[in-house]
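What follows is a set of notes on a single structure, which appears directly below.
The values are calculated or read from the model by the stated rules, or taken from the named source; none is laboratory data. As the structure is a prediction and not an experimental result, all values here were calculated from the model. Reconstructed Cβ throughout: ideal geometry from the backbone, glycine too, with neighbour counts over all protein chains shown.
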Amino acid sequence: RLLQLWVAAGLSNMVLLTLPLFITTVYDRVIPHGAFETLAALTIGIVIIFAVDIGLRANRVNLQEAIGVSASHRLQTRFYRKLLHTPLAASEKSSSGISALLGEVDHVAMALPALFAGYLSDLPFVLIMLTLVGFLTGPVVLAPVTGILLIGVVNLFGSLRARRAAGEAHGLKLKLQDETIASAMMLPTVKAMGAEGELLRRWENRLDETAFKMHRARQSVAVAGQTGMVLTQLIIAFAIVIGAVQINAGAMTLGNLAAAVLLVGRILSPVSQVIALSGQLGNMRAALVTYFRVVDQPDEKAGDSSGRPDGAIKGAFRLHKASFGYDGSPSLSLEQVSFEIKPGEKVGIIGRNGCGKSTLLALLPRFYELSSGTFRIDGFDSRQISPQLLRRSLGVMFQDTVLMQGSLRANICLGVSDVCEVDFRRAVEVSGVLEIARRHPQGFSLDVGPRGEALSGGERQMVGLARALLRNPGVLILDEPTSAMDNTAESRVISALANYVRGRTLIVATHRTQILSLVDRVILMDRGRILADGPRDQVLSGLRKAS
């Protein structure tokens, strides 16, 4: 398609040369000799040529659109794929930033074909037309050359000013979108706190600042564009002045001057368009930098795979002097943590908020890599095991269950293409989702709404638990699985889990003492360290005595 675009643009540019030749012939040959039969033939020819040009230009536009759509699809697909496969530590956190970035990528992709045609077809023909002007009129060629230089300088300064303002506006726009999304998500809290006025004032101030920066960027581009238009008119006038002097000296004909004036306009127009498109891409530089930073991130993968386990994970985890800190955090979230969990063990992890429970659980499925220390799974270095293989053997439930808009069943079966109905039935029974489906006419076709807002917090947790159980895993890693459930629902889920976890490894982080009935061993954490590790009753008894 790029070759087709280049050919279409080239043929269209060749057609541009016919009108100056037509004008020269009419002025210098037809009019002086009254050759109107020749004029009729030339007119028919020029009409046919321009009819063909309409088809060429339409084909060029269609090809540019097709190439742009294809490029946009590939770039956005590459970005989304990388977003899904990038390690959590390196992933983009701002949903509004991702949405805005995809919009910018689409603009870039749609502009690139036009820029390609401009650089590889229009600009070479500019050189051809400059040569033709020089051949026909001699010194008149100085006018378009001067015009190209002046328009280039004007657009360069305008682009630099616009780029700075656009970069600042891009960052402000992302913050504005983040605030808007956050306000919409926490609207009940905003109303309960009476914070509408405060948030509105802050939002308006940020909006004014963003609008001013965007205005500066648009103003710089617009002024450069208008200046370029004025310069084009001046250059044409300059060409006429030089041509008049040349005609008076007998060095050129009136027909040559008329053709040269037309060519000067045709020369400056594509140059201005290419420069303007280049400036637009420059203004999107901040978005492009973010895009390539994301797509250049390495995928999650195993390291040296020699000797790694081939089957399902048995559930033996061993951490030795493990430490971990989040990027940008001044302190470690886990420090010198050592423990071993054997297959089939039932382990509870307790501690105050922020003590490192969730971080520890996130390390086990390799969502993050240790800063230091060693981590073995079934006796193998964790880095030998593919994260995808590892997670297919685990049932993982996060503290905050996030649902996607769609049916109840689709959310439970997320990521599982071939669902075993026996496993599905067991998962919804143990988690309590079966009761949710029974209460609604749509059953498992119930639409959970955006982010699962049609369900309560406890019901979303049940769906999250059903997800974790769906693959019938041998290892369960649960982070606060019942924190949002009422006492009745929690008791029912715990009772069902007690039977389900027999013969399986269970690792659960919790603040609720009731769920500790499922475990035999408790690990007590504080400030990223393990304070106690032993039989459940012994650790809890010691904790009660200490308090």
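A compact table of results
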| item | result |
| --- | --- |
| LEU56 being among the aliphatic types (A, V, I, L, M), crowded, with 16+ Cβ neighbours inside 10 Å and more than 17 Å from THR253 (Cα to Cα) | yes |
| Test result for GLY45, more than 30 Å from ASP299 (Cα to Cα), assigned to a helix (DSSP H, G or I), more than 41 Å from the chain's Cα centre (by Cα) and of a type in the set (Gly, Ala, Ser) | yes |
| Test: residue in region 176-197 that is within 30 Å of VAL61 (Cβ to Cβ) and either part of a helix (DSSP H, G or I) or more than 31 Å from the chain's Cα centre (by Cα) (or both) | no |
| Some residue of region 452-462 being farther than 20 Å from LEU394 by Cα and touching a strand residue (DSSP E or B) at 6+ places or on another chain (Cβ under 8 Å) | yes |
| Residue in region 423-432 that is surrounded by 13 or more Cβ atoms within 10 Å (Cβ to Cβ), of a type in the set (Asp, Glu) and over 26 Å from PHE367 (Cα atoms) present | yes |
| Residue satisfying all of: in region 409-430; β-branched (Val, Ile, Thr) and either modelled with pLDDT under 90 or part of a loop (DSSP other than H, G, I, E, B) (or both); nearest to ASN499 (Cα to Cα) among these | VAL419 |
| Options LYS301, LYS342: the member that is surrounded by fewer than 19 Cβ atoms within 10 Å (Cβ to Cβ) and either at pLDDT below 75 or polar (S, T, N, Q) (or both) | LYS301 |
| For VAL402: the one exception among (1) surrounded by 15 or more Cβ atoms within 10 Å (Cβ to Cβ); (2) in a loop (DSSP other than H, G, I, E, B); (3) in contact with a Gly (Cβ under 8 Å, 6 or more places away or on another chain) | (1) |
| Close pairs from region 165-190: first farther than 15 Å from TRP203 by Cα, partner at pLDDT 75 or above and surrounded by 15 or more Cβ atoms within 10 Å (Cβ to Cβ), Cβ under 6 Å, at least 6 apart | ALA165/LYS213; ALA165/ARG216; ALA165/ALA217; ALA166/ALA217; GLU168/LYS213 |
| Filter result for GLY373 (assigned to a strand (DSSP E or B), at positive phi and in contact (Cβ under 8 Å) with a residue 12 or more places away in the chain) | yes |
| Residues of region 436-456 that turn out to be charged (D, E, K, R) and touching a residue at least 12 places away in the same chain (Cβ under 8 Å), as a count | 2 |
| Residue that is nearest to TYR326 (Cα to Cα) [pool: residues in region 59-89 that are of a type in the set (Gly, Ala, Ser) and surrounded by 14 or more Cβ atoms within 10 Å (Cβ to Cβ)] | SER72 |
| Unique match (being within 30 Å of PRO139 (Cβ to Cβ) and within 32 Å of the chain's Cα centre (by Cα)) among GLY255, GLY243, GLY250, GLY225 | GLY225 |
| In region 507-535, residue farthest from SER329 (Cα to Cα) [restricted to those that are basic (Lys, Arg) and out of contact with any Asp or Glu (no Cβ under 6 Å at 6 or more places or on another chain)] | ARG521 |
| Region 469-499: number of residues that are buried (at least 21 other Cβ atoms within 10 Å of the Cβ) and not in a loop (DSSP other than H, G, I, E, B) | 9 |
| From the options ALA316, ALA239, ALA312, residue that is modelled with pLDDT of 85 or more and under 30 Å from LEU476 (Cβ atoms) | ALA316 |
| Answer residue from region 345-369, given it is assigned to a loop (DSSP other than H, G, I, E, B) and touching a helix residue (DSSP H, G or I) at 6+ places or on another chain (Cβ under 7 Å) and is surrounded by the fewest Cβ atoms within 10 Å (Cβ to Cβ) among those | PHE367 |
| Test: VAL337 is touching a residue at least 60 places away in the same chain (Cβ under 8 Å) and of a type in the set (Val, Ile, Thr) | yes |
| Inter-residue pairs, beta-carbon under 9 Å, first more than 18 Å from LEU434 (Cα to Cα) and not assigned by TED's automatic domain parsing to the domain that holds GLU435 and in region 475-496, second modelled with pLDDT under 95 and outside any loop (DSSP other than H, G, I, E, B), 6+ apart | none |
| Residues (at pLDDT 85 or above and either small (Gly, Ala, Ser) or within 24 Å of ASP122 (Cα to Cα) (or both)) located in region 1-49 | ALA40, ALA41, GLY45, ILE46, VAL47, ILE48, ILE49 |
